[in-house]
Amino acid sequence: MKTTYENSNQDGEQKVEWWEQADFRSRVTTIYTEGKPPESFPIEDDFIICDFCNATISDFPVPVTFGQYALCKECYKRNFIQGEKE
Ligand SMILES: [Zn+2]
């Protein structure tokens, strides 16, 4: 995947990874319950939501930033200064 550095409106320069649809494949979520072994559940490959507003993401590549957060187009626009102004 491609990695770029973008100026965020709040936290200065941030590393942004651009994930293709394939990069979201085979994700697993693990649930820890006291007194039980951890249980892992697969996440549907096409279940990709914005970690900021929970919108479904269907445009690729997806900006993934602040460590692990996928952003939809709108949240990306809101959080990062774009080169061209509207
Ligand atoms: Zn969003």
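This table checks each residue for (1) within 16 Å of the ligand (Cβ to nearest atom); (2) basic (Lys, Arg); (3) touching a residue at least 24 places away in the same chain (Cβ under 8 Å).
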{"site": "21", "(1), (2), (3)": "no, no, yes"}
{"site": "27", "(1), (2), (3)": "no, yes, no"}
{"site": "33", "(1), (2), (3)": "no, no, no"}
{"site": "66", "(1), (2), (3)": "yes, no, yes"}
{"site": "80", "(1), (2), (3)": "yes, no, yes"}
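All of (1) surrounded by 10 or more Cβ atoms within 10 Å (Cβ to Cβ); (2) at pLDDT 90 or above; (3) part of a loop (DSSP other than H, G, I, E, B) hold for residue 82 with one exception: (2). Pairing each residue of region 47-60 that is farther than 14 Å from residue 75 by Cα with any residue that is within 11 Å of the ligand (Cβ to nearest atom), provided the two are 6+ apart or on different chains, yields C-beta distances under 7 Å for 48/57; 48/62; 48/70. Inspect region 22-40 for any residue being in contact with a helix residue (DSSP H, G or I) (Cβ under 8 Å, 6 or more places away or on another chain), closer than 23 Å to residue 66 by Cβ and of a type in the set (Gly, Ala, Ser) and give the result as yes or no. No, region 22-40 has no match at all.
Scanning region 16-68 for residues being part of a loop (DSSP other than H, G, I, E, B), surrounded by fewer than 12 Cβ atoms within 10 Å (Cβ to Cβ) and in contact with an Asp or Glu (Cβ under 9 Å, 6 or more places away or on another chain) gives a total of 7.
The values are calculated or read from the model by the stated rules, or taken from the named source; none is laboratory data. All values derive from a computational prediction rather than experimental measurement. Positions of Cβ are backbone-derived with ideal geometry, glycine not excepted, and every protein chain shown enters the neighbour counts.
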